[in-house]
Structures are given as C-alpha cells and as structure tokens.
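Enquirer: Have a look at this one.
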Amino acid sequence: MKELMTQLRFRQIHLDFHTSPAIPGIGVDFEKKEWQACLKSAAVDSVTLFAKCHHGVSYHPTGVGRMHPHLEFDLLKAQYEATKEIGVNAPIYLSAGVDNLASEIHPEWREVDKGGRYTGWARSPLEAGFHMMDFHSPYLDYLCEQIREVVELFPDCDGIFLDIITQSQSCGRWSLEFMQANGLDPKVEADRKESSRLALEKYYKMTTEAARSGRPDMPVFHNAGHIPRGQRSILQYFSHLELESLPTGGWGYDHFPMSAKYACNLEHDFLGMTGKFHTTWGEFGGYKHPNALRYECAAMLAYGAKCSVGDQLHPNGKLDPSTYEIIGAAYREVEAKEAWCKGAEQVFDLGVLSSEAESGSFRDSPADEGACRVLLEGHILFGLVDRQMDFAPYKALVLPDDIRIDSELKNKLDSYLAQGGKLILSGESGLEKDAERFAFDIGADYEGLSPYFPDDEEANRGHDYVLPVETLRADFVNQPQIMYDRSHRIRVTTGASLGDIYDPYFNRTWEHFCSHQHTPNQPEASGYHCGVRKGNILYFSHPVFRHYRQYGAVAYREFIIRAIRSLLGTDLSLETNLPSTARISLTRQPAHNRHVLHLLYAPTISRGGVVQLSGGNASGGRSVEVIEELPSLHDVNVCLKLPGSVGKIEALDPAVEFVSEQSDGKVEIKVVQFSCHAMFAIAAD
C-alpha cells in the first residue's frame, strides 16, 4: 500500500465566494449556529473557505490587500471558527492567477499577448470578466505576501488552495524584460513558451514556500483545472490532488474516470471535484438533480477518490438550504460507504501510456480520451500511465494512436516485453521516432500512409474501408465499413491479420466524385490489412482510439475490444454483461485483506442546445449532459478471477439481492438488480 503525503477527508465542499465590490451587505446573514447546523445536516466534513477571490478583495482584515468595501467584520474568521468548532476541516482559498483589484491598481502586472491585447476573461477594458496576472511581474511578490499573512492569521488551517495556475505567452512589460535578460526572443513562440514555463516554475516555488512559512507540513494545492499527465516535476509542490471535473460544465461524464485513472498511480491522495450547479462555476440559482450528484459521488469512490462538491455562497453569507439538502442526500451515502473505500487501491489489467504525457500537451488528447472511452465501455480494468511509471504491474500496455518510439522508450518497452508484457499499438504508435519503420517486429511490412482521403489531403483524414476477420467484427456488420482517418499501409508477413482493407475507387476531386461524402469501396480487398497480431504485440492500422472518440461508431469499439480480449485471453480479471453505459471497477483493501467490486449505472442524456454563458467555461458548442432518473439494472453477472481463494462475499446494501458461485478459480456474482451504485466486499479466505 502506498504511503500518501496528505490524507484527505471524504465529504468536502469547495465554497466559491467571488463577490463583486459593488455588492452591499457582505456576510450580513451569516449566523454561526445556522451555518453549523447546515453543514452537519449535509454530513460535510471539510469546507474550503475564501481569504481572497478573483475580484481581488479579501474577506478578513488585511495589511497587504484590501478587504471587501462592504464587509464590516472578519467574515473568514467567523466562518473558520464556526467550522472548526464542529470538527469540520477548513482549508483556505486564495485566487492566484487572476486578481482584478491588483490589475486595476497595477495594470502593468497583467498578462498581454503578442498582439498587445490583455489575456483572461476580459481582453478589453470594456469587457466584464477576470484579469490574468503575469507571474514575472511584482504581482507574484504581492501574492506571496497575502499567502504568508493568511497562514500567520490561521496557522491551524487545513491547507492552502491556490487557483487559476496558468501562464500564457505573455508579452507584458515584465515578461519582455525577463526574456531580454535571459536570452529569449519574444518574437519566437518557443521562447515565449519557455518564458511562461519559467514563470510558472518561479510561481510554484515561491507560493509553496509562502504557504509553508509557518508550518512545513501545511497542505498545498495549486489548481489549473487539470492535472497534466507526465509533467511530474511540478508535483513536488503539491500535498494532494483535486480533480476538477464538472460533468455538466463541459467536462462530460467520462472526464473524471480518465483523470482518476492517472492520479491513482501517483503518490498523492486525491479527490474528485464536481459541482452542485446545473452548468458550471459561478452559477447562482442553478441546481443539479440530486440523483446526478449521488451518481457522481459514487463514481469518485469507485475510482479511488475522496469527494468534493462545489457551491457558491451568496454575498449575504447564508448557506442555501436547497443546496445542502441535495448535497446531504449524496454525502450521507458516502459516509456509509467510507469504510469500504479507505486505503483502497485500484486493480488494473491494462495500462494506457498517455498520449498527453508523451506529447507534453495540456488537456487536448483525443487519443487518450478515445482509449479510455473504449475501455470504460468495454469493461476492461485499466490505468493511465506516463513513461516514468513502472509498466510491470500491467498485463498489457496500450500506446494510443500517436506515440512514436525513441531510444529511451524502446529500451523500457523491450524490457517489458521480455518479462511477458504485451503491447497494443495503433496508427503511428510503434513507429520509430525519426524513421518510417516499426520499432518492433509486428509481423508485417510498413508501406506508409494510405493515399486515399475524402476531399482534403491537408486535413490528413482517411477514406478506406475495413472488414475485420469474423471473430473480431461486430455481430451486425459483415461488409466493409468506412474509416474516416487515413490508415497506415501494412502487408502481413509473419503475423496474423486482423482483417482486410478495401480501397475506394478514387479520391473525391472535381474530376470525379460520388454521392455526398464517400466514394464506395472496390469489391476486391486491397492487399493491405487493418491490423496484425504477432506474439505479444497487437497493431491496428488506423488511429482507432481517436477515431472512436470522434465518431463513436459501436462497430469500431467492438472490433477494438474483441481484438484486445483475444490478446489477453484468460489474463483479464473480470467479465460482465453490464451495458456499455454502466461502469465497473475493482479495488483491494490490503488492511482488510479483501477486494471491493463497484457497479455503477446512471443513463445520461444531452439536453438543451449549445451553451453560451457570459463568463462561464461551459461555452464552446457543447450541450449539457444530464442525469435525472436512476433506473435499475437487472440480472447483472460479473465473473472475477482473483488471486487466492475467496471467503465471504457481502453487499454493502443488504437490500441488493445476489448469489455467488465459485469454480475453477473464478468467482461469479449474479445480482438480481441494483440502482446507481452497488458495492460488494470479497474477503480472502
């Protein structure tokens, strides 16, 4: 069992309090006993309180910044004392990356892009929104003074939460001076990015030192809305991780599992962070359906996280009773489940080597998203890894779509294969970093990219058709199926083909085209193959994970999953008849010598139109994904292959009926029905 740097509580509230200086009566309705009763009724055990918000004003008397002009008492102290008095933790929040008060006094501290415009929510002085600050400017010293003041005032607080930790390619006065002094050319994008990286490095070091200036063990978290995969150097400044993921706010319901499956492989304890809002942060008067929050908290537990729900406090300082009735319905269930989740470790069969980690990108990785979605829907237990992690615990390793092989990675993968590991490659993955050939013997010759594309060669989109071998194709497809990404041409030599590729008659041009989109396939196979397996290596000729993320065709997923299952065979830990919309996870609790099986089900539906919110981050062309009803699933079967013999099996909820059988080293659990979340403890004999 890994030693965690900071042990988090299970039932937390992130209490936003971004309050305009133009609003009067700040905190006038705060009442200690009412505050305490509301938190206790909702089974809350930690609340993140605000010292300074995005507007830049403080909620306590301050010798560094400015207290909110319409606050007449120490609101933070009153909240803090009321919270701690009932045994609830109280971390303290300071906005770091944005500060409108500081930017109004010192506009030269703001970030400016290469075109001379401000960055952030408000790019013009006439736009409403928050202002991004340049960490190369004296603002960073000002921020650190504020942090030191807070930890002096509240030395026993339960952590410092610092928000909006990002830097764009700033060309403001201070960044320009920094680049000039350090041999960087602001006209070169790579140099601007390096300046931003160094600004963040300086930020992490200085703010963490400030937060721990009074207590070396002070928990610290730096929030950028995402834990970047592969960027391990910054984690030395984190005591724990908080995975911001509001499904209705643009993240969707598959984002959190993907983040959790990476975070659980790090040395930090972590929590999931959703919101009570119908959409996203900054929403007053928006209420998520209680069933949605029940499901989201259950999913956090299933994927190894503690729980945090975001709320936004009204300027009057009074907690909203409706909000805490909704949160309480979820948190009372979490409280009942905690004993089966403490110290639990995820069980995985596959590892997905993160494309994001390999490319150094931030958030945008269709290959990672597609691979995770395929495996979640296919009910294969997997974790997300970077190259610095140990591959040995995984029975197979997926390299999704675009991971080329350099010498360092080649050596590590060769060692992994020599120890019996298996590789699953797709698209470019498996090709050498600087050559158009495979780094491994996949049992096929490589002949480059397909020359076929629909109508735009520059877009690098594909246009051919695949017909997998009968054992791998979806039950409802027996003819060649269109693929929308270009394939890598392989001719199978010493491996086993996964199926044939059929070429179209021609590319779509002004000279010849057919119908609205695609030229149909020629009746004869091209001689190229849609994939190959040789020994412990499986290769798909298309970028199938990105492909599934973008187009979502069920037949693609079935092809991928069947091929993976054929590679792993009896090595897989479980099989189930759960529908693709359900989720499953398996954990082990070493302290209790048992495994815990989690079954999750809540159908989502896309409601409403394209969301455009002023100042919100749910904008950008996505509708809201909603959970309302929690229908039951019936006659669910799960077959588990666990190490050693199994003793008693029990359901957390005694109302969940099930029977279990053991034979040939397998345990079969047959569940009559369950709704939302079912947990089963499986003791070792």
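The values are calculated or read from the model by the stated rules, or taken from the named source; none is laboratory data. Quick caveat, the model's predicted, so the values are computed rather than measured. Counting neighbours? That spans all protein chains shown, and the Cβs are built from the backbone with ideal geometry, glycine included.
Enquirer: Just give me the residues in segment 101-136 being within 20 Å of Glu189 (Cα to Cα) and touching a helix residue (DSSP H, G or I) at 6+ places or on another chain (Cβ under 6 Å), in sequence order.
Expert: Arg110, Met133, Asp134, Phe135, His136
Enquirer: Restricting to segment 58-86, give me the number of residues that are of a type outside the set (D, E, K, R), in contact (Cβ under 8 Å) with a residue 24 or more places away in the chain, farther than 16 Å from Pro315 by Cα and surrounded by fewer than 16 Cβ atoms within 10 Å (Cβ to Cβ). Spell out the reasoning first.
Expert: Here is the first cut: in segment 58-86, the residues of a type outside the set (D, E, K, R) are 58-65, 67-71, 73, 75-76, 78-80, 82-83, 86.
Keeping just the survivors that are in contact (Cβ under 8 Å) with a residue 24 or more places away in the chain gives 58-60, 62-65, 68-71, 73, 75-76, 78-80, 82-83, 86.
Then keep just the ones that are farther than 16 Å from Pro315 by Cα; that gives 62-65, 80, 82-83, 86.
Now restrict to residues that are surrounded by fewer than 16 Cβ atoms within 10 Å (Cβ to Cβ): 63-64, 86.
So the count comes out to 3.
Enquirer: Moving on to the next point. Can you pull out every residue in segment 232-253 that is modelled with pLDDT of 95 or more and among the polar types (S, T, N, Q)?
Expert: Gln236, Ser239 - these are the residues of segment 232-253 that are modelled with pLDDT of 95 or more and among the polar types (S, T, N, Q).
Enquirer: Of all residues in segment 508-542 being among the aromatic types (Phe, Trp, Tyr) and farther than 30 Å from Leu413 by Cα, which is modelled with the highest pLDDT? Break it down stepwise before answering.
Expert: Initial filter on segment 508-542 (among the aromatic types (Phe, Trp, Tyr)): 510, 513, 528, 539-540.
Then keep just the ones that are farther than 30 Å from Leu413 by Cα; that gives 510, 513.
Details: Trp510: 79, Phe513: 83.
The selected residue is Phe513.
Enquirer: Then there's this: When you scan segment 327-347, do you find a residue that is closer than 20 Å to His542 by Cβ and not small (Gly, Ala, Ser), even just one? Spell out how you get there, then give the answer.
Expert: If we filter segment 327-347 for residues that are closer than 20 Å to His542 by Cβ, which is where we start, we get none.
Within segment 327-347, not a single residue is closer than 20 Å to His542 by Cβ and not small (Gly, Ala, Ser).
Enquirer: Restricting to segment 177-193, what's the tally of residues that are surrounded by fewer than 17 Cβ atoms within 10 Å (Cβ to Cβ), out of contact with any helix residue (DSSP H, G or I) (no Cβ under 7 Å at 6 or more places or on another chain) and within 12 Å of Lys114 (Cβ to Cβ)?
Expert: 4
Enquirer: Condition first: closer than 18 Å to Leu49 by Cβ and either without any contact (Cβ under 8 Å) to a residue 40 or more places away in the chain or not in a loop (DSSP other than H, G, I, E, B) (or both). Now tell me which residues in segment 89-116 satisfy that.
Expert: Residues satisfying the conditions are Asn89, Ile92, Tyr93, Leu94, Ser95.
Enquirer: Related question: Any idea how many residues of segment 630-685 are among the polar types (S, T, N, Q), touching a strand residue (DSSP E or B) at 6+ places or on another chain (Cβ under 9 Å) and over 20 Å from Ala582 (Cα atoms)?
Expert: Total satisfying the criteria: 3.
Enquirer: Go through Val347, Val309 for me and flag whichever is among the hydrophobic types (A, V, I, L, M, F, W, C), under 30 Å from Ser566 (Cβ atoms) and at pLDDT 95 or above.
Expert: Val347
Enquirer: Shifting gears a bit: Answer yes or no as to whether Ser170 is of a type in the set (S, T, N, Q), more than 30 Å from Gly87 (Cα to Cα), out of contact with any Gly (no Cβ under 8 Å at 6 or more places or on another chain) and crowded, with 21+ Cβ neighbours inside 10 Å.
Expert: yes
Enquirer: Mind checking which residues of segment 631-670 are surrounded by 15 or more Cβ atoms within 10 Å (Cβ to Cβ) and among the hydroxyl-bearing types (Ser, Thr, Tyr)?
Expert: Of everything in segment 631-670, just one residue is surrounded by 15 or more Cβ atoms within 10 Å (Cβ to Cβ) and among the hydroxyl-bearing types (Ser, Thr, Tyr), namely Ser660.
Enquirer: Going by what's in this entry, would Ser196 be described as surrounded by 18 or more Cβ atoms within 10 Å (Cβ to Cβ), of a type in the set (Ser, Thr, Tyr) and not in a loop (DSSP other than H, G, I, E, B)?
Expert: Yes, satisfied.
Enquirer: Name the residue that is surrounded by the fewest Cβ atoms within 10 Å (Cβ to Cβ), counting only residues in segment 362-380 that are over 15 Å from Ile584 (Cβ atoms) and in contact with a Lys or Arg (Cβ under 6 Å, 6 or more places away or on another chain).
Expert: First, the residues of segment 362-380 that are over 15 Å from Ile584 (Cβ atoms): 362-371.
From the residues that got through so far, the ones that are in contact with a Lys or Arg (Cβ under 6 Å, 6 or more places away or on another chain) too are 366-367, 369-370.
Working: Pro366: 18, Ala367: 29, Glu369: 23, Gly370: 27.
Looking at the filtered set, the residue picked out is Pro366.
Enquirer: Hey, another quick one. Considering (1) modelled with pLDDT of 95 or more; (2) of a type in the set (A, V, I, L, M, F, W, C); (3) in contact with a His (Cβ under 7 Å, 6 or more places away or on another chain), say which one Met5 fails and leave the rest.
Expert: All conditions are met except number (1).
Enquirer: Looking at segment 339-361, which of its residues are assigned to a strand (DSSP E or B), buried (at least 19 other Cβ atoms within 10 Å of the Cβ) and not aliphatic (A, V, I, L, M)?
Expert: Gly351
Enquirer: Residues that are at pLDDT below 95, at least 1 per element: which strands (runs of 3 or more DSSP E) completely within segment 362-470 meet that? Talk me through it step by step, then tell me what you get.
Expert: Values: elements: 382-385, 396-399, 422-426, 444-449, 461-468.
Fully inside segment 362-470 and qualifying: 444-449, 461-468.
Enquirer: Would you tally the residues in segment 117-160 being surrounded by 15 or more Cβ atoms within 10 Å (Cβ to Cβ), in contact (Cβ under 8 Å) with a residue 40 or more places away in the chain, not in a strand (DSSP E or B) and not acidic (Asp, Glu)?
Expert: 20
Enquirer: I'd like the residue in segment 69-88 that is touching a helix residue (DSSP H, G or I) at 6+ places or on another chain (Cβ under 8 Å) and outside any helix (DSSP H, G or I) and, out of all such residues, is farthest from Leu200 (Cα to Cα).
Expert: Only one residue tops the list, namely Ile86.
Enquirer: Do we find a residue being modelled with pLDDT of 95 or more, more than 24 Å from Leu586 (Cβ to Cβ), part of a loop (DSSP other than H, G, I, E, B) and out of contact with any helix residue (DSSP H, G or I) (no Cβ under 7 Å at 6 or more places or on another chain) anywhere in segment 254-269?
Expert: Taking every residue of segment 254-269 in turn, none turns out to be modelled with pLDDT of 95 or more, more than 24 Å from Leu586 (Cβ to Cβ), part of a loop (DSSP other than H, G, I, E, B) and out of contact with any helix residue (DSSP H, G or I) (no Cβ under 7 Å at 6 or more places or on another chain).
Enquirer: Looking only at segment 485-496, filter to residues that are in a strand (DSSP E or B) and crowded, with 19+ Cβ neighbours inside 10 Å; which one of those is modelled with the lowest pLDDT?
Expert: My answer is Asp485.
Enquirer: Would you pick out the residues in segment 35-55 that are in a strand (DSSP E or B) and among the aromatic types (Phe, Trp, Tyr)? Write out each step before concluding.
Expert: Taking segment 35-55 first, the residues in a strand (DSSP E or B) are 46-52.
Matches in segment 35-55: Phe50 only.
Enquirer: Just the residues that are closer than 15 Å to Ile13 by Cα and outside any helix (DSSP H, G or I), please, taken from segment 289-307. Break it down stepwise before answering.
Expert: Narrowing segment 289-307 to residues closer than 15 Å to Ile13 by Cα: 293-294, 296-297, 300, 305-307.
Within segment 289-307, Ala305, Lys306, Cys307 meet the criteria.
Enquirer: Let me ask something additional. May I ask you to list the residues in segment 234-249 that are part of a helix (DSSP H, G or I) and within 16 Å of Leu293 (Cβ to Cβ)?
Expert: To start, the set of residues in segment 234-249 that are part of a helix (DSSP H, G or I) comprises 234-237, 247-249.
Those that are part of a helix (DSSP H, G or I) and within 16 Å of Leu293 (Cβ to Cβ): Pro247, Thr248, Gly249.
Enquirer: Val659 - would you say it is touching a Ser or Thr at 6+ places or on another chain (Cβ under 9 Å), assigned to a strand (DSSP E or B) and modelled with pLDDT of 95 or more?
Expert: No: the conditions fail for Val659.
Enquirer: Considering only residues of segment 249-278 that are more than 8 Å from the chain's Cα centre (by Cα) and hydrophobic (A, V, I, L, M, F, W, C), which is surrounded by the fewest Cβ atoms within 10 Å (Cβ to Cβ)?
Expert: This residue is Leu266.
Enquirer: Let me ask something else about it. I'd like the full set of residues that are surrounded by 15 or more Cβ atoms within 10 Å (Cβ to Cβ) and either among the charged types (D, E, K, R) or over 13 Å from Arg594 (Cβ atoms) (or both), limited to segment 671-681.
Expert: Matches in segment 671-681: Val671, Gln673, Phe674, Ser675, Cys676, His677, Ala678.
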